[in-house]
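Readers should treat all values here as calculations from the given coordinates under stated rules, not as data from a laboratory. Worth saying up front: this structure is predicted, and the values here are computed from it rather than measured. Counting neighbours? That spans all protein chains shown, and the Cβs are built from the backbone with ideal geometry, glycine included.
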Amino acid sequence: MVEKISREDLKAKIECDNDFVLVDTLPATAYRKGHLPGAISIVSDDIVDVAPERIPDRNAEIVVYCGNGPCKRSSLAAERLENLGYTRVRDYHEGKADWIEAGLPLETD
C-alpha cells in the first residue's frame, strides 16, 4: 500500500526544494489551468508508458496527486509506479482541492 503525504509535509518539501518529483496525474487541460508548484504532468492513464522515460531513476522520491480525495487518479498512478519498480512513491491523497482550500498558490503554463 502506498504511503500518503500530508499537505503540510508536501508544502515543506516544495519550500525546501527537496530533491523529489511531484506528479500531477490529472488531464493535461487541468494541469495547464493550474498545478502545484514544480509539478510535472503525467496523466494517470499514461503513467506506465511515460514514467520510465520522464523519471528514469526507480529510487527517486515521487509524490503524486490528483483533484481531491475521492479522485482515484493519484492512487492508481502510485500503484502503477510501484508495480514498475519505483521504491519511494507517496500519494498526496487530498489533492489539488485541499491545496487550494488552504490558500496555497498554483502555477500555470
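What cysteines in the chain have no other cysteine with a beta carbon less than 4.7 Å from their beta carbon?
Here C16 come out as lacking a disulfide-compatible partner, given the Cβ-Cβ threshold of under 4.7 Å.
Work out the length of the dipole vector of the chain about its Cα centre, built from +1 on the beta-carbon of each Lys and Arg and -1 on the beta-carbon of each Asp and Glu, and round it to the nearest 20 debye.
It works out to roughly 200 debye.
Check which residues have an amide H placed less than 5 Å from V63's amide H, if you skip close sequence neighbours.
Here V21, L22, V23, R90 satisfy the definition.
Please find the FRET efficiency linking A102 to D57, where r is the Cβ-Cβ separation and R0 is fixed at 25 Å, and quote it to the nearest 0.05. Intermediate values should be presented prior to the final figure.
Numbers: r = 30 Å, r/R0 = 1.20.
Rounded to the nearest 0.05, the efficiency is 0.25.
Only counting other Cβ atoms within 10 Å, I'd like L81, L10 sorted with the fewest neighbours first.
Result, fewest neighbours first: L10, L81.
So which residue, out of V64, V89, V50, gets the largest mean-square fluctuation from a GNM of the chain using Cα contacts under 10 Å as springs?
Greatest mean-square fluctuation among the candidates belongs to V50.
How large is ³J(HN,Hα) for each residue in segment 61-69, as worked out from phi by the Karplus curve 6.51 cos²θ - 1.76 cosθ + 1.60 (θ = phi - 60°), to whole Hz, x for Gly and Pro?
3J(HN,Hα) across segment 61-69, in whole Hz: 7, 10, 10, 10, 8, 9, x, 6, x.
Just report the Cα centroid separation between segment 6-38 and segment 65-92, whole Å.
Each part's Cα centre sits 13 Å from the other's.
Which residues does the label zone of K4 cover in segment 42-68, counting backbone N under 20 Å from a point 7 Å along Cα→Cβ?
It comes to 62-68, nothing else.
Taking log10 I(q)/I(0) by the Debye sum over Cα atoms at q = 0.13, 0.21 Å⁻¹ as the quantity of interest, determine which of [x] -0.40, -1.12; [y] -0.62, -1.17; [z] -0.42, -1.24 was computed from the displayed structure.
[x]
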